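Working notes, beginning with the structure itself.
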Amino acid sequence: MNYDAALSTAINRLHDEGRYRTFIDIERTRGQFPHAVWNKPDGSKAPVTVWCGNDYLGMGQHPVVLTAMHEALDATGAGSGGTRNISGTTVYHKQLEAELADLHGKEAALLFTSAYIANDATLSTLPKLFPGLIIYSDALNHASMIEGVRRNGGAKRIFRHNDLAHLRELLAADDPETPKLIAFESIYSMDGDFGPIGEICDLAEEFGALTYIDEVHAVGMYGPRGAGVAERDGLMDRIDIINGTLAKAYGVMGGYIAASAKMCDAVRSYAPGFIFTTSLPPAVAAGAAASVKHLKTDQGLRDAQQTQAKILKLRLKGLGLPIIDHGSHIVPLMVGDPKHTKLMSDMLLDRFGIYVQPINFPTVPRGTERLRFTPSPVHGPKEMDALVTALDNLWSHCALNRADMAG
């Protein structure tokens with residue numbers, strides 16, 4: 001076999017479909033974000049405004065976080081030195097897990113290097129703990145949840161997105177004595193819609209199922225202390241396992257689950273993705289703990305972010321642009337074609353210094369390609385005006401008319 005030719009074929013197929021992903025090399029400067037510097041392929045530099053980052057609240061440059069990281073780095077050095085089981089557990093890791101357990105009102109929390117790994121490792125391990133377990137997974141769950149369910153070797157049922165009647169039908173069709181778990185998200189990041197948490201908990205109680213919620217795009221953002229949508233809705237005590245990230249609203253890195261002490265102990269003891277992975281650097285854990293602690297009381301940042309999202313949605317609607325608005329902080333602008341989406345992204349970057357990454361298949365279904373904007377408290381009126389003006393200019397006057405762009 002000509003392996004090189006096979007690689008070329010695979011890569012060229014992405015180019016032909018308009019789905020080839022280009023990394024934009026940017027330099028963030030503390031205190032200047034969302035403004036950054038774009039290191040262009042020709043070696044030159046240009047200013048850009050980042051509109052697609054997941055540092056939703058700007059905590060990646062918050063003094064509280066940076067101070068904690070500097071102090072931990074000076075005190076301990078760079079890396080953790082090992083896995084959590086072998087010399088890689090420090091006071092900073094334990095402090096972070098305590099903050100997270102307190103955040104979610106759970107007995108314990110377990111720290112992973114990312115929320116992807118936390119989902120994958122936990123969901124793939126649960127059938128070892130509950131033989132015969134059936135996992136009922138929402139059709140639009142994140143790739144990390146899908147991978148964990150796929151790899152666990154147990155039975156699975158996929159219910160149509162947010163379709164409670166379909167979920168009930170699937171639950172009712174299985175043996176009442178079989179262990180069950182319902183896996184879903186609080187906010188689905190591509191459309192920005194909410195999962196029906198209370199109703200799913202009702203079904204879980206009726207059919208004797210555990211509940212597993214991914215709050216990745218909600219932690220830090222919703223609820224009086226930033227614990228997520230389940231906290232906002234007064235439902236955290238009805239969720240058995242909560243998954244979250246430290247790399248979005250908290251502005252650092254890492255993922256976790258929060259659950260009972262016994263559940264966390266069992267996952268810790270059986271999950272290869274936890275056992276065999278070097279733990280986060282102490283400085284990262286310290287910064288994340290500081291961020292979690294700070295956002296338990298900084299409602300002002302959450303309010304400011306929600307205000308910015310509402311303003312952007314209102315202004316884009318005023319232009320007649322096809323956005324999706326489910327009431328969350330995520331602002332998807334539907335384009336509907338991968339090549340058109342890439343063209344829009346490129347033109348925003350080249351002509352206006354605005355960076356928003358195209359979202360294409362397989363992240364979203366074919367025909368629903370989009371630009372996904374994530375306004376934050378550090379996107380002020382000047383940045384908002386520049387973005388709205390650029391989108392109005394491109395949508396109205398570029399070679400692609402609005403009907404084409406909408407697919």
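Toward the positive end of the charge dipole of the range 191-239, about the Cα centre and with charges on Cβ (Lys, Arg +1; Asp, Glu -1), which of G208, P196, V219 goes farthest?
Among G208, P196, V219, the one farthest towards the positive end of the dipole of the range 191-239 is V219.
Report, ordered by chain and residue number, the aspartates and glutamates lying within cross-link reach of K296, taken as a straight Cα distance under 20 Å and ignoring same-chain residues fewer than 8 apart.
Partners within reach: D55, E97, E99, D102, E107, D214, E215, E231, D233, D237.
Going from most exposed to least, what order do Y270, Y116, Y136 have by accessible area with a 1.4 Å probe?
Ranked from most to least accessible, the order is Y270, Y116, Y136.
Rounded, prolate or oblate: which fits the range 62-296 when a ≥ b ≥ c are the square roots of the eigenvalues of the alpha-carbon gyration tensor, with rounded for a/c under 1.5 and prolate only if a/b beats b/c?
prolate
Hey, which of these cross-link pairs are over 26 Å Cα-Cα: K128/K248; K94/K262; K317/K382?
Numbers: K128/K248 30 Å; K94/K262 16 Å; K317/K382 19 Å.
Table pairs above 26 Å Cα-Cα are K128/K248.
For the chain, what proportion of DSSP beta bridges, expressed in % and rounded to the nearest 5, is antiparallel?
On the way: 27 of 47 bridges.
So the antiparallel bridges in the chain amount to around 55 percent.
Order 293-302, 325-334 from most to least packed using the mean count of other Cβ atoms within 10 Å.
My ranking of the peptides, most packed first, is 325-334, 293-302.
How big is the dipole moment of the range 62-296 about its Cα centre under a simple scheme where the beta carbon of each Lys and Arg is +1, that of each Asp and Glu is -1, and everything else is neutral? Debye, nearest 20, please.
Dipole magnitude for the range 62-296 comes out near 680 debye.
Could you work out the helix-only [θ] at 222 nm for the chain, with each DSSP H run of four or more residues adding -39,500 (n - 2.57) and the total divided by the number of residues, to the nearest 500 deg cm²/dmol?
-13500 deg cm²/dmol
Take peptides 48-56, 305-313, 220-228, 21-29 and line them up by average Cβ neighbours within 10 Å, highest first, as a rough protection proxy. Write down the numbers at each step before the final one.
On the way: 48-56: 21.1, 305-313: 19.0, 220-228: 24.4, 21-29: 11.8.
So the order, starting with the most tightly packed, is 220-228, 48-56, 305-313, 21-29.
Using Cα atoms only, what is the angle between the long axis of helix 381-397 and the major principal axis of the chain, expressed in degrees (0 to 90) to the nearest 10?
60 degrees
Going by alpha carbons, how many degrees (0 to 90, nearest 10) lie between the helix axis of 338-352 and the longest principal axis of the chain?
Relative to the chain, helix 338-352 is tipped by roughly 60 degrees.
Could you give the distance between the Cα centres of the range 306-377 and the range 1-55, to the whole Å?
Spelled out, the Cα-based centre of one part sits 17 Å from the other.
Dipole of the chain (Lys/Arg Cβ +1, Asp/Glu Cβ -1, origin at the Cα centre): which of A386, L129, A309 lies farthest to the positive side?
Projecting each Cα onto the dipole axis, the largest value belongs to A386.
Along the charge dipole of the range 62-296, Cβ charges K/R +1 and D/E -1, which of N141, S260, T178 sits furthest on the positive end?
S260
Ranking request for peptides 38-44, 369-375, 246-252, 231-237: highest mean number of other beta-carbon atoms within 10 Å first, then the rest in descending order.
246-252, 369-375, 231-237, 38-44
What size of dipole, in debye to the nearest 20, comes out for the chain about its Cα centre when the only charges are +1 on Lys and Arg C-beta atoms and -1 on Asp and Glu C-beta atoms?
700 debye
Does the range 1-135 classify as rounded, prolate or oblate by the C-alpha gyration tensor (a ≥ b ≥ c root eigenvalues; a/c under 1.5 gives rounded; else a/b over b/c gives prolate, otherwise oblate)? Let's see the in-between values first.
Working: a/c = 2.10, a/b = 1.19, b/c = 1.76.
Oblate, because a/c is 1.5 or more while a/b does not exceed b/c.
Tally Lys/Arg at +1 and Asp/Glu at -1 over every other residue whose Cβ is under 15 Å from the Cβ of V64; what's the total? Let's see the in-between values first.
Details: positive: R30, K293, K296; negative: D55, E71, E99, D298.
Surrounding charge for V64 is -1.
Between helix 63-76 and the chain, what is the angle of the helix's C-alpha long axis to the longest principal axis, kept within 0 to 90° and rounded to the nearest 10?
Rounded to the nearest ten degrees, it is 60.
Roughly speaking, what is the centre-to-centre gap between the range 205-240 and the range 134-155 when only Cα atoms are used, to the nearest Å?
Centre-to-centre (Cα) distance: 19 Å.
Kindly identify the range 280-320 as rounded, prolate or oblate by the Cα gyration tensor criterion: order the square roots of the eigenvalues as a ≥ b ≥ c, call it rounded if a/c is under 1.5, otherwise compare a/b with b/c, prolate if a/b is larger, else oblate. Kindly include the intermediate steps, with their values, before the conclusion.
Working: a/c = 8.16, a/b = 2.60, b/c = 3.14.
Oblate, since a/c reaches 1.5 and b/c is not below a/b.
The values are calculated or read from the model by the stated rules, or taken from the named source; none is laboratory data. Please read all numbers here as calculations on a predicted model, not as lab measurements. Methodologically, a virtual Cβ is constructed for each residue, glycine included, from the backbone with ideal geometry; neighbour enumeration extends over all protein chains shown. Accessible surface areas use protein heavy atoms only, side chains included; no ligands, DNA or RNA. Shrake-Rupley method; radii C 1.70, N 1.55, O 1.52, S 1.80 Å.
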